[in-house]
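Chemist: Have a look at this one.
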């Protein structure tokens, strides 16, 4: 069952995006000061602009994704675009799996073998992808709810440790940092790739998912950033996973610290994100091959992801190279903006009869 | 004809029996019927002569009320038989059409129908030179009286529970729902047992597609014998093998009726006091009838408590192992020091301790469950004293592990409908927590969530109204229940749950 | 396909599980560190870590912790870095170190001359340790403080933690967690403050409960039993290194300056009478200002509510005497603050009560423009301190 509503996708995007923001942003980009607040705002506005071709595409092709429109024009042409898109999707997936694995070894289990971590993450995410977009987005409801509850709990428990004197008025003294932070924020928006593929599965207006998710994520990020600033002050610049450290400071009645629970929630949201990426890959395959079942493809795709994770994750230099490529935001802009833009002008609309048949 | 006598070694018997029609020869009919039932002693064939015509009464031992047989059938037929009948058929027609013998009366045309009727408590009358039979309902078998249900015990709700007799169960439902839209449909399932089942639903609230889907599934159940409603359960569930029940069982007519009102379909099975209700939602496992008789705030508290007990029952032992082995820093200082002190002298690692203790607990529970009560007490003493006390004082097990397993056992009884699922999940979480710590617990938890969220029972998302998220329904009657005053303002049926409408559209597409 | 997917996942999970790919340490094989001291030995250029780790003394063989015992053992390790020293301590104790329960880090006097942020970062960056750990300086070596054990609470270190917390709540010292000290160290002046602990051999009389610990080393038991640990001022850091030591009076002034004073009692002599005013709800505001010559100065104003805990014979209606006593109390607090400000700024060249924070808050552009010499600007700008206490907020009749 792969039909979902825009609200469901919004929640899935929130769960997925929050993980990215909390884990995958490089430590040095989460910085003390007002620049970060501005960087988040500028990044969200930029991302909204980048979504424009995709939004126009969904309007022009009445909910069809870029691949359907391209294949309708010419099958070979469509498949080429699909493969190019798939390569970016695969690299983002590998990067996400490795980031999550790295995070687990940093926080939960220090001596977890690369193969154990990545294989388990991929296996669970594949299971989610096989269950369909609907199952993933429904799971995201729980991920988002637990995350919201955790943030609330952290705020309550940290209330006496907030130091408002750490806040100072908006003043940007490092434009270079602002630029890097905005680019980094954009580069992490892999939800754009998911939206590019899954927009055709949305039963109501797909564009709502983009507007709502961006708005909610913007608010949450600003609030969390405020929390970082009020608790850590200048020390924030030195921290790699600030929310994790804040969680470890939070003391609730049952647990002395919430970092383990925090890690669990992040992991859950991370798996949701990777599942969405796998689902998108499966949908790409289904659209381009015209077959209804994607099980075998996903199994092969998952194995390929695992192999790549093993190759890239085994050497820190390869991993850093992949990171640096993805952090330029070029691959994402290529797959999420350029390809949809090309299809926007070259794609073919569905004949009226075909549309009517589908509606009936 | 004799060649058609069924071979009972065959798995399927229904089709062969149906072929044998009643003939005009009474003797032949009797021979056929006797042969069919292999001269079974509980079939009584009583010959008689009325107005010079040979007739027989076929009944089944213990299934009829003998007083009714004498008062309603034998006496009127012998004292005031129909007069002026020239043929046997005329006599038979008069008996069938003019004499008021019983409320339930029908004509039968085949041997298998005769047998089925006799075995269902009918007295079947056959007459020579007539090729049909008259079945007269004088059921009078002994059965258990209406009693308080043994499960789902409530404090303030009705004390009546379903019993094993389908007709009485239907009457209990009707007594609580005197609406003309309540429809009951009788069916027979099980090729050999021919068990009566009754499908109940409200025509104005249940989704007709779901009703038809349920009927189709029931018709196609390949089982020969159905002795309990649970036999049907797996055939009615859409997602098998499922860890969580998608079909609810209830012994309570009040619960049954309230679910029908929400647009669900109920199935009452003859011979069992447990009725089936479908489709069901995950959240309903935490509801009881008492929740609707108490004040809303208390109901909300109890439901949240039950859910907490469920979560604890599932993950507490796994979490304990994970925290002890991988993330002890999460435990409170004094708790950690106490646990640390207690594990210093134990013979097994925490993971092993948990597994052993858990297995022992389940063995004890299983042993105590099916033993006579007097022996059951002995099991409790052995379990409580020997396992609990001696293992700790002998240093074989640590006290926290014993406490945790006992506490989770207690928690799992708070949600009895999910006990079986809990048992399995707990073990899986212990293994996951022991091998991969919190990472393993998260992975298993996510798998479980994916599975639960992917379930749809007859188009209704199993995790509704949480996933897909419908705030209005969540605030109405999930963990919190709004007051009756507010509940009465708006009706909610299953078809109004989020996700349901989409499913329909999708199917239509 | 469904079966294949389930089989795939199951086989994967099972194969990984059975291969024993995750190593973990049993709880019983861990050493739960309660307090640790770090010293630097300049002669040998090595670090020396001494730690108290939990080792329970059972009560009646029931695995219950005997709270009348220190319940700790000591382990020591030396190494070229803090990490190697910790590893050597782990080898010596024969157990894997668990730092999550460590609530006290004592920095030896020699190590204070090194970069404090590096030392603290080692512990905070270990995700299993706890950032809510108190950090103290030692008068001499940290190890000599670790050697002393107390018999209160579950473990020995609890006594020291209580000492710091009580002193903080009484306004005698600032008690900061490791992450808060790191926040201070990360500002542009690299300033921080640690309460200083020292060994005291003063004898306690019979009227005061004995706060004595038991000596680690053998010897004359009676004499050893009188050893205790007391707070003695604080260590001030500038540019992440020790820049000086302040006394107990300056510590009180610092509490006022850094807006952390919860409650402080001042006794004023008025002829033969003694009146005690308790300052509570203390609020300190540091406002950077520029005078006519565009020179920076800091206006530090303290407002508090006052309570006469001992009236000293002053009647409720005697406003003139009340005002006189209040004025003396304000002057006394002002003097404490001025002394602290002088000690810290002039003698220690440090900004530990947040001048930079205040300046950044009001004039971020000014800080950005002068970030190279901000320390000099901060320390040379004069501080004008005003203290105002409202003794009538609760009314005199309250006490």
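Just so you know, all these numbers are worked out from the coordinates, no wet-lab data involved. Keep in mind that what you see is a predicted model, and the values were worked out from it rather than measured. Note that we place each Cβ from the backbone using ideal geometry, even for glycine, and neighbour counts take in every protein chain shown.
Chemist: Please report the spacing between the Cα centers of the range C:230-249 and the range A:203-277 in Å, no decimals.
Modeler: Cα centroid to Cα centroid, the span is 38 Å.
Chemist: While we're here: If I take R0 = 35 Å and measure r between the Cβ atoms of residue B:51 and residue B:168 in this structure, what FRET efficiency does the formula 1/(1 + (r/R0)^6) give, to the nearest 0.05?
Modeler: Values: r = 38 Å, r/R0 = 1.08.
Rounded to the nearest 0.05, the efficiency is 0.40.
Chemist: What is the projected area of the convex hull of the Cα atoms of the range B:295-454, averaged over all directions, in nm²?
Modeler: Values: hull surface 45.9 nm².
Here the figure is 11.5 nm², rounded to one decimal.
Chemist: Relative to the compact-globule scaling 2.2 N^0.38 Å, provide the ratio for the alpha-carbon radius of gyration of the range C:259-398. Please list the in-between numbers first.
Modeler: Working: Rg = 18.0 Å, N = 140, 2.2 N^0.38 = 14.4 Å.
So the range C:259-398 has a normalised radius of gyration of 1.25.
Chemist: Which residue fluctuates the most in chain A, going by a Gaussian network model with Cα springs under 10 Å, if the choices are A:180, A:316, A:17?
Modeler: A:316
Chemist: Residue B:83 to residue B:212: extension gain in nm, 0.36 nm per residue of separation minus the Cα-Cα distance?
Modeler: Working: separation 129, 0.36 × 129 = 46.44 nm, distance 4.87 nm.
My answer for the length gained is 41.6 nm.
Chemist: Let me ask something additional. Run the simple label-point estimate for residue B:220 and residue C:125 please: 7 Å along Cα→C-beta, distance reported in nm.
Modeler: Distance between label points: 6.4 nm.
Chemist: In Å, what is the Rg of the alpha-carbon atoms in the protein assembly as shown, and how long is Dmax?
Modeler: 39.9, 141
Chemist: Normalised by the residues of the range C:248-333, what does the relative contact order come to in percent, with Cα pairs under 8 Å and at least six apart?
Modeler: Relative contact order, the range C:248-333: 28 percent.
Chemist: Using Cα pairs closer than 8 Å and at least 6 residues apart in sequence, work out the relative contact order for chain A, in percent. Before the final figure, lay out each step's value.
Modeler: Details: 483 pairs, mean separation 148.8, N = 360.
RCO, chain A: 41 percent.
Chemist: Further, regarding this structure: Residue A:90 to residue A:208: FRET efficiency via 1/(1 + (r/R0)^6), r the Cβ-Cβ distance, R0 41 Å, to the nearest 0.05? Could the numbers behind the result be given before it?
Modeler: On the way: r = 28 Å, r/R0 = 0.69.
Computed FRET efficiency for residue A:90 and residue A:208: 0.90.
Chemist: So if I take the alpha carbon set of the range C:238-280, get Rg, then get Rh from the Kirkwood formula, what is the Rg over Rh ratio?
Modeler: Numbers: Rg = 14.9 Å, Rh = 12.7 Å.
On the Cα set of the range C:238-280, Rg over Rh gives 1.17.
Chemist: So, one more: Taking the mean number of other Cβ atoms within 10 Å as a proxy for protection, how do you rank C:321-334, B:60-73, B:342-355 from highest to lowest? Provide the component values of the computation, followed by the final result.
Modeler: Working: C:321-334: 18.5, B:60-73: 16.0, B:342-355: 20.1.
The packing order, highest mean first, is B:342-355, C:321-334, B:60-73.
Chemist: A follow-up question, please. Could you please rank C:80, A:262, C:270, placing first whichever residue has the fewest other Cβ atoms within 10 Å of its Cβ?
Modeler: Arranged by neighbour count, lowest to highest, C:80, A:262, C:270 become C:80, C:270, A:262.
Chemist: Another question, if that's okay. Just to confirm my numbers, what's the Cα centroid distance between the range A:55-71 and the range B:265-291 in Å?
Modeler: If we compute the Cα centre of each part, the gap is 46 Å.
Chemist: Right, here's the next one. Would you mind giving the mean number of other chain beta-carbons within 10 Å of the Cβ of each residue in A:124-136, as a whole number?
Modeler: Working: counts 10, 2, 4, 10, 7, 2, 9, 7, 3, 0, 10, 11, 4.
The per-residue average across the peptide is 6.
Chemist: Do you know the relative contact order of chain B, to the nearest whole percent, from alpha carbon pairs under 8 angstrom that are 6+ apart? The partial results should precede the final answer.
Modeler: Details: 767 pairs, mean separation 61.0, N = 509.
Across chain B, relative contact order equals 12 percent.
Chemist: Quick check: pseudo-label points 7 Å beyond the Cα along Cα→Cβ at residue B:177 and residue B:227, how many nm apart are they?
Modeler: 3.0 nm
Chemist: Pick from A:110, A:347, A:336 the residue whose mean-square fluctuation is largest in a GNM of chain A, springs joining Cα atoms under 10 Å.
Modeler: A:110
Chemist: Take chain B, drop everything but the C-alpha atoms, weight them equally and run the Debye formula without solvent; then report log10 I(q)/I(0) at 0.09, 0.14 Å⁻¹ to two decimals.
Modeler: Reported log10 I(q)/I(0), two decimals: -0.82, -1.34.
Chemist: Need one number: convex hull volume per residue for chain A, Cα atoms only, in Å³.
Modeler: Values: hull volume 47.0 nm³, N = 360.
With only Cα atoms used, chain A gives 130 Å³ per residue.
Chemist: Let me ask something additional. Among B:252-263, B:47-58, what's the highest-first ranking by average C-beta atoms within 10 angstrom per residue?
Modeler: On the way: B:252-263: 22.2, B:47-58: 16.6.
Packing order, densest peptide first, comes out as B:252-263, B:47-58.
Chemist: Using C-alpha positions alone, give me the convex hull volume of the range B:2-137 per residue in cubic angstrom.
Modeler: Working: hull volume 13.6 nm³, N = 136.
In the range B:2-137, the Cα hull volume divided by residue count equals 100 Å³.
Chemist: For A:139-149, what's the mean count of beta carbons from other chains sitting within 10 Å of each residue's beta carbon? Walk me through the intermediate numbers first.
Modeler: Numbers: counts 10, 4, 7, 9, 2, 1, 3, 0, 0, 0, 0.
Other-chain Cβ atoms within 10 Å of each residue's Cβ, averaged: 3.
Chemist: Between residue C:118 and residue C:43, what length comes free when the chain is fully extended (0.36 nm per residue of separation minus the Cα-Cα distance, one decimal in nm)?
Modeler: On the way: separation 75, 0.36 × 75 = 27.00 nm, distance 2.05 nm.
Full extension of this stretch gives 24.9 nm more.
Chemist: I would also like to ask the following. Taking other Cβ within 10 Å of each residue's Cβ, how do B:294, B:377, B:86, C:130 sort, fewest first? Present the calculation step by step, with values, prior to reporting the outcome.
Modeler: Working: B:294 16, B:377 12, B:86 7, C:130 23.
The fewest-first ordering by Cβ neighbours comes to B:86, B:377, B:294, C:130.
Chemist: Say a paramagnetic label sat at a point 7 Å from the Cα of residue A:46, along Cα to Cβ; which residues of the range A:171-195 have their backbone N under 17 Å from it?
Modeler: A:172-193
Chemist: Hey, can you rank B:312-323, C:242-253 by average C-beta count inside 10 Å, highest first? Write down the numbers at each step before the final one.
Modeler: On the way: B:312-323: 25.0, C:242-253: 20.3.
Result, highest mean Cβ count within 10 Å first: B:312-323, C:242-253.
Chemist: Still on this model: Using only atoms on other chains, find how many Cβ atoms lie within 10 Å of each Cβ of peptide A:104-112 and report the average.
Modeler: Neighbouring Cβ atoms belonging to other protein chains average 6 per residue here.
Chemist: Quick one: in the range A:223-271, what % of C-alpha pairs are over 18 Å apart?
Modeler: On the way: 415 of 1176 pairs.
Everything past 18 Å amounts to 35 percent.
Chemist: Based on Cα positions only, what radius of gyration and what Dmax would you give for the range B:414-467, in angstroms?
Modeler: Rg then Dmax for the range B:414-467, in Å: 13.1, 38.
Chemist: Continuing with the same structure: Along the Cα→Cβ direction, 7 angstrom out, place labels at residue B:147 and residue B:407. What is the inter-label distance in nm?
Modeler: 3.7 nm
Chemist: Express the C-alpha Rg of the range B:235-356 as a ratio against the empirical globular expectation 2.2 N^0.38 Å, rounded to two decimals. The partial results should precede the final answer.
Modeler: Numbers: Rg = 21.1 Å, N = 122, 2.2 N^0.38 = 13.7 Å.
Cα-based Rg divided by the globular estimate yields 1.54.
Chemist: If you average the C-alpha positions of the range B:394-408 and of the range B:53-88 separately, how far apart do those two centres end up, in angstrom?
Modeler: Here the answer is 71 Å between Cα centres.
Chemist: Could I ask something else about it? Report the calculated FRET efficiency for residue B:471 and residue A:296 (r = Cβ-Cβ distance, R0 = 51 Å), to the nearest 0.05.
Modeler: On the way: r = 39 Å, r/R0 = 0.77.
Taking R0 as 51 Å, the efficiency between residue B:471 and residue A:296 is 0.80.
Chemist: To continue, here is another question. Please rank A:38, B:392, fewest neighbouring Cβ atoms within 10 Å first, as an exposure proxy. Before the final figure, lay out the partial values.
Modeler: Values: A:38 16, B:392 20.
Ascending number of Cβ neighbours within 10 Å: A:38, B:392.
Chemist: Okay, next question. If you build the Cα gyration tensor of the range A:151-305 and take the root of 5 times each eigenvalue, what three semi-axes come out, in whole angstrom, biggest first?
Modeler: Details: eigenvalues 272, 84, 44 Å².
Rounded to whole Å, the semi-axes are 37, 20, 15.
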